[in-house]
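Inspection log for the structure reproduced underneath, given as structure tokens.
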Amino acid sequence: MPASASIAARDTSITWGFQTEPEPYLDDRSIDEIRGRVLGGSSSVNGMVANRGNPRDYDGWADQGLPDWSFAHCLPYFRKMETFDRGEDPWRGGNGPQHIETCPADNPLDQAFVAAGQEAGYPYTEDQNGRQHEGFHIAQRFTHNGKRWSTADGYLKPVLSRANLTLQTQTQVHRVVFDGKRAVGVEIGHQGAVETIEAEREVILCGGGDQLATGAPAVWRG
């Protein structure tokens, strides 16, 4: 239920309970850093707001020596990952595993808020993830038919029946095992026992942002 997102985000049975060091410019307060420890990682406990980074951020990374991280390089992947409820266009995808819906905003106060922004001289944008990012707008969210749509819903659950995939929960990867400079497996902890899973071909690490394995206590064997 979207309204319960703040409850989930602070439940340490499904999040890691991380906090920052005391912040000197915030009266030494520590700030919650919400990271999910369930299937779908943080996408299963976050606020579900769907916002891409601003194109200038990506182009800034390209200018600093990462040319494949420019917005032009990333845009095809943004489009490939999503099914946007208002349809496909040069900026948005229409056939991807991640569902994105526009919030209803059917309360008169919603419309009054957007109108007030325009009256104050700020721009309005129909789609903050489309051609024009800046401006007052109706928010978008990672939901499908009104329910949370995590990366586990989009990428993992549809393929769980594959014969070459084993999902193991309640598991933490301790380290990658190397033979010289070659990764040959991972050491994991599961139900108090430590074991090593050997790789026949490759070891793939997934972590960061709200991607599938971010913070999730699970191992995908396949």
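The values are calculated or read from the model by the stated rules, or taken from the named source; none is laboratory data. As the structure is a prediction and not an experimental result, all values here were calculated from the model. When we count neighbours, we look across all protein chains shown, and the Cβ atoms used for this are built from the backbone with ideal geometry, even at glycine.
Determine, yes or no, whether S44 is crowded, with 18+ Cβ neighbours inside 10 Å and under 17 Å from D153 (Cβ atoms).
Spelling it out, S44 is indeed crowded, with 18+ Cβ neighbours inside 10 Å and under 17 Å from D153 (Cβ atoms).
For S70, work out the one condition from (1) touching a Phe, Trp or Tyr at 6+ places or on another chain (Cβ under 6 Å); (2) within 24 Å of D153 (Cα to Cα); (3) in the same structural domain as H133 (by TED's automatic domain parsing) it doesn't fulfil.
(2)
Identify all residues within region 74-97 that are part of a helix (DSSP H, G or I), touching a residue at least 12 places away in the same chain (Cβ under 8 Å) and either loosely packed, with under 14 Cβ neighbours inside 10 Å or on the phi > 0 side of the Ramachandran plot (or both); write none if there are none.
K80
Within region 48-69, take every residue that is surrounded by 14 or more Cβ atoms within 10 Å (Cβ to Cβ) and touching a residue at least 40 places away in the same chain (Cβ under 8 Å) and give me the one that is farthest from R148 (Cα to Cα).
Checked region 48-69; the qualifying residue farthest from R148 (Cα to Cα) is P55.
Taking region 7-31 as the region of interest, how many residues are surrounded by fewer than 11 Cβ atoms within 10 Å (Cβ to Cβ) and within 30 Å of Q170 (Cβ to Cβ)?
Here the count works out to 4.
Scan region 4-42 for residues that are more than 19 Å from R148 (Cβ to Cβ), of a type in the set (S, T, N, Q) and part of a loop (DSSP other than H, G, I, E, B) and jot them down.
Scanning region 4-42 gives T12, T20, S30.
In this structure, is G94 closer than 27 Å to A152 by Cα and not polar (S, T, N, Q)?
Judged against the criteria, G94 is a match.
Take region 157-180 and flag every residue that is out of contact with any strand residue (DSSP E or B) (no Cβ under 7 Å at 6 or more places or on another chain) and of a type in the set (K, R).
K157, R162
Collect the residues in region 146-198 that are hydroxyl-bearing (S, T, Y) and surrounded by 10 or more Cβ atoms within 10 Å (Cβ to Cβ), keeping them in residue-number order.
Selection gives S150, T151, Y155, T166, T169, T171, T196.
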